[in-house]
Amino acid sequence: MELVLASLTASMQLSIVAIAQPNATEPDCDPAYAEVCIPPAPPDLDCGDIADRRFRVYLPTDADKPEELTDFDPHGFDGDDDGIGCERG
Ligand SMILES: [Ca+2]
């Protein structure tokens, strides 16, 4: 009986971890932008929607870019691809 109870408690704890996991891994800041916290797209944001200016945008050629990063500049802040977002405006 004690064994059944212990097993039940363990499986309940596993369920709680499984439920909590998706929220923990969902980023609020898009990893494409190094210095600022910008929510991931969608929705697509423009420079007019954010307060940050002249912040770093990771380029595919950057040696120090995050390894898991595949979607570079999803918001299109760095239209001229020089690695700096929202120079103007
Ligand atoms: Ca730029």
(request) Sort out which residues of region 32-89 are modelled with pLDDT under 95 and touching a Gly at 6+ places or on another chain (Cβ under 8 Å), and write them in order of number. (result) 89
(request) Name the single residue, out of those in region 74-85 being near the ligand (Cβ under 9 Å from one of its atoms) and of a type outside the set (Val, Ile, Thr), that is surrounded by the most Cβ atoms within 10 Å (Cβ to Cβ). (result) 85
(message) Just to be sure before I move on: is residue 24 surrounded by 11 or more Cβ atoms within 10 Å (Cβ to Cβ), modelled with pLDDT under 95, away from the ligand (no atom under 13 Å from the Cβ) and within 18 Å of the chain's Cα centre (by Cα) in the structure I sent?
(response) no
(message) Which count do you get for residues in region 47-70 that are more than 9 Å from the ligand (Cβ to nearest atom) and either outside any loop (DSSP other than H, G, I, E, B) or surrounded by 11 or more Cβ atoms within 10 Å (Cβ to Cβ) (or both)?
(response) 14
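The values are calculated or read from the model by the stated rules, or taken from the named source; none is laboratory data. Note that the coordinates shown come from a computational prediction; the quantities given were computed from them, not determined experimentally. Neighbour counts are summed over all protein chains in view; Cβ atoms, including those assigned to glycine, are modelled from backbone coordinates with ideal geometry.
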